[in-house]
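Since every read-out is calculated from the coordinates, none of them should be taken as a lab result. Note that the coordinates shown come from a computational prediction; the quantities given were computed from them, not determined experimentally. For neighbour counting, all protein chains shown are included, and Cβ atoms are generated from backbone atoms with ideal geometry for every residue, glycine included.
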Amino acid sequence: MKKNILSAVSIATLCVSTLIFSCNPKPEKQSSNAAKTDSTSYSATIDGKAVSLYTLKNKQGSSVSITNYGGRIVSLLVPDKNNKLTDVVLGYDSIVSYRKKGEPFFGALIGRYGNRIAKGKFSLEGKDYQLQLNDGVNTLHGGTDGFFSKVWDAKQTDTTKLELKYSSKDGEAGYPGKLDVTVTYTLTDDNELKIDYSATTDKTTIVNLTNHAYFNLNGEGNPTILDHELFIDANAYTPVDSTLIPTGKLQQVAGTAFDFNKAKTIGKDIEQKDGQLVFGKGYDHNFALNKHDYKKAIAIVKSNVTGISMEVYTTEPALQFYSGNFLTGADKDGKGGKSYPHRSAFCLETQHFPDAPNHPNFASTVLKPGETYKTSTTYKFLK
């Protein structure tokens, strides 16, 4: 952006006419909670395609960095209560770590099917399909060959928008049909990160796209998210079996540890002697959202440490709340050499229900030729 040399009178006039942007102090470019991202560490050639880091910025000083390897959100800097930029997503300092075996999908675009499918099996139009198994006896987040490991074609149209495209071949990871996917990340001047998904197919298939960002509003690398206050606008959730596959039932949250209709800390009930919490080692469950439109926040999270709040808006019918139960802190290859211990991040993955192809009572995830899959999700940050 070019700098203009203005007279004192012009500056005064500009300050009055653009008070909200020009007269308020802007967030500092760095703080103790925001490590600098080195874009050269994300430059590589994978599967014959160039990998790069793309950074979006807004007028408030916030920024989000995204790599086209897996469409991953690498960093997300937003102002805290003291107007200092804080990185609120977990990740790595180089593309090498994102490719290691067992990496927990940090910041990734997930597809073709977000969440789990029982035993990797489903039937469609009278034909049985077998997917790759990568979560014990089940398929998780698309399988070993999921979208999280693909190099997407990237086009940064301006300083606030990044468009990613990927064409998944018929039979890739076991899914039928050629699926053409477009995902657009937009960072608005209201500190909203908007993610728009669209897809078309040439053969009947299933699709359930989402993003797997790991958040800590205290700042990435902080050891806990149990002190975060969480609200989820859902009266029911889908209970799971011991392998975290939905039983097909809807369970009311009232009177259980899963009731977030009134905001409470994530840690308040997480150690309750509830079989569902034992299965997930904490929260790792799909919430059936109450009736809503895109203008209504379906989840709100707040850190009393930084004062940062995050509101979630979506067109999707459900939300997977994961409390970082499988993070161990064993590795110290997080950003800045940090370790990410047990429950040091949470995920709020907007979605259709897990294992929906095997449960006729769940909303359909079938996409047919001639149809267009479209969903949108926004994460809005306040202080």
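Once you've got the GNM for the chain with C-alpha springs shorter than 10 Å, pick whichever of Arg112, Arg99, Arg72 has the biggest mean-square fluctuation. Maximum among the listed residues: Arg99.
Residues of the range 93-125 falling in the label zone of Thr243, defined by backbone nitrogen less than 17 Å from a point 7 Å along Cα to beta-carbon, are 115-123. Structure remark: mean-square fluctuation, Gaussian network model of the chain, C-alpha springs under 10 Å; the largest value among Pro239, Pro360, Pro176 belongs to Pro360. Relative to the dominant Cα principal axis of the chain, helix 8-17 is inclined by about 30°.
Around Gly70, under 10 Å between beta carbons, what's the net of Lys plus Arg minus Asp minus Glu among the other residues? Taking every Cβ under 10 Å from that of Gly70, the sum is +2. Within the same chain, aspartates and glutamates fewer than 8 places from Lys291 are excluded, and of the rest, those with a Cα less than 13 Å from its Cα are Asp233, Glu316.
Springs join every pair of Cα atoms under 10 Å in this Gaussian network model of the chain, and among Thr186, Thr243, Thr201 the largest mean-square fluctuation is at Thr243. Loop-resident chymotrypsin sites (Phe, Trp or Tyr not before Pro) (DSSP state other than H, G, I, E or B) in the range 102-164 with no more than 16 further Cβ atoms inside 10 Å of their Cβ are absent.
Rg and Dmax, both from the Cα atoms of the range 276-378 and both in Å, are 16.7, 49.
Relative to the Cα centre, what is the charge dipole magnitude of the chain, using +1 at the beta carbon of each Lys and Arg, -1 at the beta carbon of each Asp and Glu, and rounding to the nearest 20 debye? Let's see the in-between values first.
On the way: 45 positive and 40 negative charges, 137 e Å.
It works out to roughly 660 debye.
Normalised Debye scattering of the range 29-383 at q = 0.14 Å⁻¹ gives log10 I(q)/I(0) of -1.18, counting only Cα atoms as equal scatterers and leaving out solvent. Packing here is the average count of other Cβ atoms within 10 Å per residue, and on that basis the peptides 80-93, 260-273, 333-346, highest first, run 80-93, 333-346, 260-273.
Scalar couplings 3J(HN,Hα) for the range 233-242, obtained by applying the Karplus form with A = 6.51, B = -1.76, C = 1.60 to θ = phi - 60°, are 7, 8, 8, 8, 9, 9, x, 10, 8, 5 Hz; x denotes Gly and Pro.
Legend: residue pairs Lys161/Lys302; Lys332/Lys383; Lys165/Lys368; Lys262/Lys383; Lys194/Lys338; Lys81/Lys332, Cα-Cα distance threshold 23 Å; pairs beyond threshold, Lys161/Lys302; Lys332/Lys383; Lys194/Lys338; Lys81/Lys332.
At a Förster radius of 25 Å, what calculated FRET efficiency corresponds to the Cβ-Cβ distance of Ser43 and Glu192, to the nearest 0.05? Please report the intermediate quantities before stating the final value.
Details: r = 28 Å, r/R0 = 1.14.
Given R0 = 25 Å and the Cβ-Cβ separation, E is 0.30.
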